[in-house]
Amino acid sequence: MSATLAPTASARRVLRLIPGMPTQDGAGVRLTRLIGTPMLGDLDPFLMLDEFGTDRPQDYIAGFPDHPHRGFETVTYMIDGRMRHKDNQGNEGVLVPGAVQWMTAGRGLVHSEMPEQQEGRMRGFQLWINLPARDKMTAPKYQEYAPEALPVVEAAPGARVKLIAGSLLGAEGPIVQPATDPVYFDLDLAPGAALSLPVPVGHAAFLYVYEGGLDVLAAAGRQRLARSQLAVLGEGGELVVKGGSEATRAILVAGRPLREPVARYGPFVMNTREELMQAFVDYQEGRFV
Ligand code: MN
């Protein structure tokens, strides 16, 4: 690893900086929405990104009672707090701090996501990733990993990278999803730590800073990202970042665009309006089993 980290011509630059939008979902959980807003409707294949982060039980205690999903994947990454999930097909579990659940909703399931705590901090992310037409009606599936199952790579001095999906320096995140070939890294940077991360050429990619702040270094110059800002990244084969004066945490997420028509409403994401209507009918007639 080079100590100077001069960005090459293939280093991705920041195309857009997106602030979060405060919103509520579920039974009144307070969230910050980063993708799926008027400012950034989607970033193919990413449909939505929510950050939940609060010390106040009244912001999260109502949780997400029973609701359906069809046609895409939800990825829940817990940082603090505990969340119990339970679906109508007999799957149940508790996500603990540092755990990830990659749920392929496929043809459909009904589940609840409820806090497994009465007080304390609840913090994490839920990302929605689209599925290609050929996989939308696949059987539901979970890839769920405890914190100790996620490799952490010291990628440069003071730069630790937790791998949920994608590979780095010979280590590999456990998630498998050939359709979108995702990268999902959680970066933990000491003040001033710098590193280069590979990002597949052609993938859509974003970086979201949730503690501290950092600079994105590209041939065109450097761009500062403050806490709670999401950067939509330009094209290229790597991302070069340098931590600011505080300890910094950020997620880097990338995926292969599907370039298919999207027909979405609430928890259903299909390709056509007819398929969307069918999803409503199937759900109402109890066929999400
Ligand atoms: Mn859900």
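The values are calculated or read from the model by the stated rules, or taken from the named source; none is laboratory data. Please read these numbers as outputs of a predicted model, since none were measured by experiment. All Cβ positions, even for glycine, are placed from backbone atoms using ideal geometry, and neighbour counts span all protein chains on display. In case anyone asks, the SASA skips ligands and DNA or RNA and just uses the protein heavy atoms, side chains included. Shrake-Rupley method; radii C 1.70, N 1.55, O 1.52, S 1.80 Å.
With the requirement that a residue be basic (Lys, Arg) and away from the ligand (no atom under 16 Å from the Cβ), what does segment 102-157 give you?
Scanning segment 102-157 gives Arg121, Arg123, Arg134, Lys136.
List pairs: first in segment 170-192 and over 22 Å from Ala204 (Cα atoms), second among the polar types (S, T, N, Q) and surrounded by 15 or more Cβ atoms within 10 Å (Cβ to Cβ), Cβ under 6 Å, 6+ apart or cross-chain?
Close Cβ pairs (under 6 Å, with a partner that is among the polar types (S, T, N, Q) and surrounded by 15 or more Cβ atoms within 10 Å (Cβ to Cβ)) amount to Leu189/Thr248.
Which of the residues that make up segment 10-25 are open to solvent by 20 Å² or more (accessible area, probe 1.4 Å), at pLDDT 95 or above and in a loop (DSSP other than H, G, I, E, B)?
Arg13
Kindly list the number of the only condition in (1) touching a strand residue (DSSP E or B) at 6+ places or on another chain (Cβ under 9 Å); (2) at pLDDT below 95 that fails for Val96.
(2)
Could you name every one of the strands (runs of 3 or more DSSP E) located completely within segment 191-289 that has at least 2 residues being open to solvent by 40 Å² or more (accessible area, probe 1.4 Å)?
221-226, 263-265
Yes/no per residue for (1) within 13 Å of the ligand (Cβ to nearest atom); (2) aliphatic (A, V, I, L, M); (3) part of a loop (DSSP other than H, G, I, E, B):
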{"position": "Ala27", "(1), (2), (3)": "yes, yes, yes"}
{"position": "Leu31", "(1), (2), (3)": "yes, yes, no"}
{"position": "Met39", "(1), (2), (3)": "no, yes, yes"}
{"position": "Asp50", "(1), (2), (3)": "yes, no, no"}
{"position": "Gly53", "(1), (2), (3)": "no, no, no"}
{"position": "Gln58", "(1), (2), (3)": "no, no, no"}
{"position": "Ala62", "(1), (2), (3)": "no, yes, yes"}
{"position": "His67", "(1), (2), (3)": "yes, no, no"}
{"position": "Thr74", "(1), (2), (3)": "yes, no, no"}
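List every residue pair whose Cβ atoms sit under 6 Å apart, with the two residues 6 or more apart in sequence or on different chains, where the first one lies in segment 102-117 and is farther than 17 Å from Asp80 by Cα and the second, anywhere, is small (Gly, Ala, Ser) and more than 12 Å from the ligand (Cβ to nearest atom).
Gly106/Ala139
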